[in-house]
1. Identify, by number, the condition in (1) assigned to a helix (DSSP H, G or I); (2) surrounded by fewer than 24 Cβ atoms within 10 Å (Cβ to Cβ); (3) at pLDDT 80 or above that PHE366 doesn't meet.
2. For the stretch 73-104, what are the residues that are under 20 Å from VAL475 (Cβ atoms) and surrounded by fewer than 24 Cβ atoms within 10 Å (Cβ to Cβ)?
3. Among residues belonging to the stretch 250-264 that are at pLDDT 90 or above and exposed (fewer than 14 other Cβ atoms within 10 Å of the Cβ), point out the one that is nearest to ASN552 (Cα to Cα).
4. What's the total number of residues in the stretch 62-108 that are closer than 16 Å to GLY121 by Cβ and not polar (S, T, N, Q)?
5. Of all helices (runs of 4 or more DSSP H) completely enclosed by the stretch 1-118, which ones contain at least 1 residues that are more than 28 Å from GLY660 (Cα to Cα)?
6. I need every pair where a residue in the stretch 397-410 that is at negative phi has its Cβ under 9 Å from the Cβ of a residue that is hydroxyl-bearing (Ser, Thr, Tyr) and part of a loop (DSSP other than H, G, I, E, B), sequence separation at least 6 or different chains.
7. Does the stretch 569-587 hold any residues that are buried (at least 21 other Cβ atoms within 10 Å of the Cβ), of a type in the set (Val, Ile, Thr) and farther than 14 Å from GLY106 by Cβ, and which are they?
8. Select from the stretch 436-445 the residues that are in a helix (DSSP H, G or I) and hydrophobic (A, V, I, L, M, F, W, C) and write down the one among them that is surrounded by the most Cβ atoms within 10 Å (Cβ to Cβ).
Amino acid sequence: MKEFKPYVAASEIMKEFTLGPILMGVVLGILFGASSLYLALKVGMTVSASIPVAVLSITLFKGLSKMFGFRKATILENNMVQTTGSAGESIAFGVAVTMPALLILGYDLDLGRIMTVSILGGLIGVLMMIPLRQALIVKEHGKLIYPEGTACAEVLIVGEKGGSSGKIVFGGFFLGLFYKFFNVGMHLWKDVPEKIFSSFKGSAISAEVSPELLGVGYIIGIRTAAIMMAGGVLSSFVLIPMIALFGGNLAEPLFPAKILIKDMEIHDIWRNYVLYIGAGAVAAGGIISLFQSLPTIVHGAKSGLASVFGGGDKSKATKKLRTDDDLPFSFVVIGTLVMVIALWFAPALHINLLSALMIILFGFLFVTVSSRLTGEIGSSSNPISGMTVATLLLTCLVFLAVGWIGPEYRVGALSIAAVVCIAASNGGTTSQDLKTGYIVGATPRLQQIGLLIGALTSAIVIGYSLKLLNDASTVYTKNVPAYTVANVTDLKEKQKVQGPEARQDSGEYYVYQVTDQSPSDVLAVLSPGKYLADDSGKITYLVDPGINGSVNKRDDGTSVTKYEAPKARLMSLIIDGILTQKLPWGLVLLGVALALVLELCGISALPFAVGVYLPIAASAPIFVGGVVRWLVERKKPSVQTEVESETGPGILFSSGLIAGGAICGILLALTQVMEGVAEKLDFSKAMGTLATSDLFGLLIFLGAAGVLFWVGRKKSELE
């Protein structure tokens, strides 16, 4: 085989680890981390940030050079920006997949817990990948492709030669930003056009016409988008109508619902029944994808162990090349010991020494697996959710076997899964970055330091982003069952009503927390969650969280954006199912059977299951994006290679759409917690009937899809 030569020779000394690129990487990492968090809360997935961060780095540094006469950034400095900046996306995914489950289980979102989990998981992911670099990146070069990492290297090389793809990313960013602002901020057109079919009871079609979901559909392509849409069609046109048809004459509520099926709206049927079917299908699909990867898992684990314990560092006899210089193994060992101690003594996590050691064991296993799978199939197909489900299942079974079923152990089990999920996700991203660095000729040690910095800074900010999104969409509703707390000692410290409701009520109320382990007489009346009670113990408010909430309108009739956070709900169902054994297993097993049927038909069950699990409003715009990609590629037969596919104008524009739409969503969340701002932005009355027209909203969205099609047909700089 021909000897590999990096773009920048090992003997060449070039500026790489300088202050400017590190700061830019930190800022872009926070930006894409926040946008990825927003996306993962909506649809349970993210897209790789490395390529758009690399493109933005090249463009921004060129702009600064022209405008202010700054020195032009080297290719290794631009690589350092994408290395530092890519950690935010992977950490955001791990946080969104796990931590919102606390709200479903009846607990508060504790900022300290989120930050602790994010920081420790992010750092473990980088540390565990350091000793694997030689085995996976160097020795397996030519065998493990690392599609996003290779494509990112090509982008950096083209940028060094004078490419100008940054304009495309910025164009998508500003289109997504302004589209979202005019739509959701100013309410100029309807954001979820919907059609309910009265002649087919229980059926409806809707679409959340958002730019970020359009971009996701384009990036994942027609195959996956169509499978997701098929799951949504099954949910909206088979399962929900079937439940409405056969359950409409029942005289009693059917578990787990507490109201009659005939009195339910379509969304109520989905939340009480179809959600559990989808959860079973998603869990089964994730585990199936994990088992399908077993040969890779075994091979990757053996390679990882061999690289760590296989006879020491043989390169000590000769002087190391710059491109072979990793952080020393002693740093990894000391860092891992520090992580164990931090996990053990972190008060927010509620875990003991055994749990801390389980995290390190699962962390090393799944970082190894994630890194190798990323090399074979890329980040988007990496079954991180399946690894998290497996970790949570094993952890809960261990806890159940030793009798750890109290409330604190539920938090502990979720904390273990969260740290492992973030570590595995960041491990895969780290391997992609190191592959990019290997191709362009970066110094591994400096990249690894950059990754640690990026993981740490992004992890600190993501907790605040998650809390902001939840608080901005939390509804304080008085639509609660009549109930008075008998034991006043169960009432916690007082707090005030927050958000728009605080304008009508400035009083203070006691917090009453209901979990699945509350007394049966309480659960017969109140669902798990957070309530506010007056001085007599009478329940006055339900605090319905913005993440995984069920109330989509405030008591005054105004609508509010809610986040389904599908993967986090799945985690909560697993914890409930094993530790409390109160899960509606019949519905869950229907979903498991559904996943098995799909796999037997030769169709990947996981995207289909996600389509069942999410409202069809989320799948439909993703499907439109996939159709646009299909139309573009029919018109552009020259787009054939993996690298060209990952760096085409449509992909870059879609990345911008996602970032712009998501960032605007976060900025609009800020307006919800600022008194009077959201109302001043509302121009729906000025638009008249157009603001509520389903057709008008759909036409605007199709216009954005047309722009994406036009950009996608442009010639790529790599063609």
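The values are calculated or read from the model by the stated rules, or taken from the named source; none is laboratory data. All figures in this text were calculated on a predicted structure; none of them were measured in a lab. Note: ideal-geometry Cβ built from the backbone for every residue, glycine included; neighbour counts use all protein chains shown.
1. For PHE366, the failing item is (2).
2. Within the stretch 73-104, ILE104 is the sole residue that qualifies.
3. By that ranking, first place goes to ASP263.
4. Summing the residues that are closer than 16 Å to GLY121 by Cβ and not polar (S, T, N, Q) in the stretch 62-108 gives 14.
5. By residue number, 101-104.
6. Pairs that qualify, where the first residue is at negative phi and the partner is hydroxyl-bearing (Ser, Thr, Tyr) and part of a loop (DSSP other than H, G, I, E, B), are PRO407/TYR107; PRO407/THR515; ARG410/TYR107; ARG410/THR515.
7. ILE574
8. Checking each candidate, the answer is ILE439.
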